[in-house]
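Below you'll find the structure, written out as structure tokens, and then a few comments.
The values are calculated or read from the model by the stated rules, or taken from the named source; none is laboratory data. Since this is a predicted model, take the numbers as computed values, not measurements. Note that each Cβ is placed from the backbone with ideal geometry, even for glycine, and that neighbours are counted across all protein chains shown. Surface accessibility is based on the protein's heavy atoms, side chains included, excluding ligands, DNA and RNA. Shrake-Rupley method; radii C 1.70, N 1.55, O 1.52, S 1.80 Å.
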Amino acid sequence: MSQKSNSPAKKSLISWIFEFAGEKKGQYIVSVLFALMSVACGIAPYVIIARIVCQLLDGIRDWNLYLKECGIVAIFWLGNVLFHAISTSMSHIATFNLLGNIRMRMCEKLARLPLGTVLDMPSGSLKSTMIDRVDSMETTLAHIVPEYTSNIILSVVLIVYLFILNWKLGLTCLVTVPFGLIAMCLMFKDSARYFKNAIDKTKILNDTAVEYINGIEVIKAFGKSKSSYERFVTAAKDGSACFVEWMRSTIWPFTIAMVLMPSSLIGLLPIGGYLFWKGSVDASMFITIIIMAISAIQPLITAFSYHDDIAKAHVIFGEVGGIMCLSELDRPAKNVKEPADNSITLKNVHFSYKKGESKSQDSEKSTLEQREILHGISMSLPQGSYTALVGPSGSGKSTIARLIASLWDVDSGSVEIGGVNIKDLSLEEYNRRVAYVSQDNFLFDLSIRENIRLGRPDASDAEVEEIARQSGCYDFIMSLENGFETVVGGSGAHLSGGERQRIAIARAMMKNSPIVILDEATAYTDPENEAIIQRSVAKLVAGKTLIVIAHRLSTVKDADKLYVIKDGNIDSCGRHEELLAQGGLYKKMWEAHISAKDGE
């Protein structure tokens, strides 16, 4: 069954909330009930006060009665505080669970996306959406669900109650509401445009900040601090200016709305006074409606105050939904068929990087247009064989490796493992079978021991140390101050490029997969360490299907078979001696390589 997602559909905020709330949906519903009770307890004192005033007008002087009614007012006030605390506590618990579910599902989604799709997302923007913007919904969701719902319901109930008491006076209470609503509509008229502008400027600021921090070494080395910092300052100013512009555009409509909406007495007092003078309304009814009118509009204003937050939350959910609906690698949940062995076969593979994807290390992608990189590649790699892919930069070597590693899907043709199309294998099964080490490997900000253990999480300390010995990096690890407990820093920043590469190879070897792909895995190592790594890798991959991509031809001349890739096609293939005898591109590359080594 395919795991591809469909195009995102428009959903209401409540639909998004219940989609991500998981097992906490019930808590949201209960929080709304408690919120209703809280608001009801907040309004009940107005009803009692109105009754007390009427009783005083009727000349009742029973102070015990008034003391009892004041006690009831106090109980309702306590109920208001208590029910509000319970409601918000439950809604906050549900909201934190919801935000956690969003982030976990987004992370799981990214793991199922083609690598190119992920690389095409600026890291600053992705971080902004997953962390900052999702986090910004906490207050909104924790209060909107219970309070918005309860305030709307109780406002409607109170307005209906006013009309039941006296529909004429009930109507006068609402005379300013349409004008307030018009002002609020003017306030929200361009909110979508302003909010989108704010999002775009904030993303630019995040991307610029990430770029500035990541490139600080280059900036300092080439004396570009001023120009680079100016870009960041410009992005920061634009990021603040868009919010200032937004607030300025809404200040007057907002002020007018907040003045008019609560002014229910503007129509009620003169018209009610006239009706009282004419005898159409008695004093008790008039006073009761005045007090209820004051209490009826406030919940409505509170509900409307959440409109802006609702719009923001809906936009953020739209961003999350946009990521969640991206097309995934086309893989089944379980294997359709079990591979016969660990041989690899490519049959007439065509592949193009899609427009807008990020540039790869071999400069094989075009960010300007969609162009085909591989033009009908066919090759057979028997189980346990050692195969090398060589060729000029940009020829398509790394692309072939990434297709075999299932980081992308082919446009046409097929990649097969043991006679089974990899699209018929689950991602979990495929990841178990294949270990991939690229030129640019990522280390987590953990100890060296834990970074190596990521290859097999249940490995013991002794097994981690043994794989380090076999990988040829035990001695350099033990030379560090804290040995295997040395924390490598973000992205392995505390280690050199060669040291990071050796740890990444040890991690791949710990995985013990039957298929190993080394994509320029020794690019950052010096000749002495490269020889050590080559010998170590040779021992560790014995009996495995090994694919190596290298520019240094001397490191792969002993391969069982070399494929020479040129402009997305197979130029030639064979053993080292056979290719030299054939002449052509491989011989030219070898002679150039030997000349470069002789000149060192």
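Summarising the amide proton neighbourhood of Val349: residues at separation of 5 or more, or on other chains, whose placed amide H is nearer than 5 Å comprise Gly376, Ile377, Ser378, Ser414. Of the options (1) 34.5, 120; (2) 27.7, 98; (3) 32.6, 118, only one is Rg and Dmax of the Cα atoms in Å as computed from these coordinates, and that is (1). In whole angstrom, note down how far apart the Cα centers of the stretch 100-151 and the stretch 232-294 are. Cα centroid to Cα centroid, the span is 35 Å. Within the stretch 76-109, what residues put their amide N at less than 16 Å from the label point 7 Å along the Cα-to-Cβ vector of Ile29? Residues passing the 16 Å test: 91, 94. Remark: the Glu466-Lys189 segment gains 93.1 nm on full extension, using 0.36 nm per residue and subtracting the alpha carbon distance. Between Thr234 and Ala581, the C-beta separation translates, for a Förster distance of 56 Å, into a calculated FRET efficiency of about 0.40. Per residue, the accessible area of the stretch 54-104 comes to 60 Å² when a 1.4 Å probe rolls over the protein heavy atoms.
Applying 1/(1 + (r/R0)^6) with r as the Cβ-Cβ distance of Arg552 and Ser393 and R0 = 22 angstrom yields a FRET efficiency of 0.95. How much of the accessible area of the chain, in percent, comes from carbon and sulfur atoms when a 1.4 Å probe is used? In the chain, the share of accessible area belonging to carbon and sulfur is 60 percent. Using a probe of 1.4 Å, the accessible surface attributed to Thr288 totals some 30 Å² when neighbouring protein chains are kept in position.
Karplus-derived 3J(HN,Hα) values for the stretch 148-160, using 6.51 cos²θ - 1.76 cosθ + 1.60 with θ = phi - 60°, are 4, 4, 5, 5, 4, 4, 6, 4, 4, 4, 5, 5, 4 Hz; glycine and proline are entered as x. If the chain linking Thr255 and Ser496 were pulled fully straight, counting 0.36 nm for each residue of separation and taking away their Cα-Cα distance, it would gain 80.8 nm.
Were the residues from Val160 through Glu138 laid out at 0.36 nm apart, the gain over their Cα-Cα distance would be 4.6 nm.
Computed from Cα atoms, the angle from the helix 25-57 axis to the main principal axis of the chain rounds to 20 degrees.
If r is the Cβ-Cβ distance from Lys168 to Arg371 and R0 is 51 Å, what FRET efficiency results, to the nearest 0.05?
Values: r = 75 Å, r/R0 = 1.47.
Between Lys168 and Arg371 the formula returns 0.10.
Summing charges over neighbours of Phe476, with a neighbour being any other residue whose Cβ is under 11 Å away from its Cβ, gives -1 when K and R count +1 and D and E count -1.
Each label was represented as a point 7 Å from its Cα along the Cα-to-Cβ direction; for Ser12 and Ser378 these points are 5.7 nm apart. Here's how it looks for Leu443: its modeled amide H is under 5 Å from those of Ser491, Gly492, which are all 5 or more places away or on a different chain. For the chain, the 222 nm mean residue ellipticity estimated from helices alone, with every DSSP H stretch of n ≥ 4 adding -39500 (n - 2.57) and the total spread over all residues, rounds to -19500 deg cm²/dmol. On a 0 to 90 degree scale, rounded to 10, what angle separates helix 584-598 from the longest Cα axis of the chain? Long axis of 584-598 versus the principal axis of the chain: about 90 degrees. For the stretch 33-94 versus the stretch 540-579, the inter-centroid distance based on Cα atoms is 83 Å. I'd like the orientation of helix 527-540 relative to the chain: the angle between its Cα long axis and the longest Cα principal axis, in ° from 0 to 90, rounded to 10. Helix 527-540 sits roughly 80 degrees off the main axis of the chain. In order along the stretch 463-470, phi translates into HN-Hα couplings of 5, 4, 5, 5, 5, 5, 5, 5 Hz, rounded to whole numbers, per the Karplus curve 6.51 cos²θ - 1.76 cosθ + 1.60 with θ = phi - 60° and x for Gly and Pro.
Amide H contacts of Val548 (H built 1.01 Å from N, in plane; Pro and chain starts excluded): Thr387, Ala388, Leu389, Leu518 sit under 5 Å, all sequence-distant by 5 or more or on other chains.
Within the chain, antiparallel bridges make up roughly 55 percent of the DSSP beta bridges whose residues both belong there.
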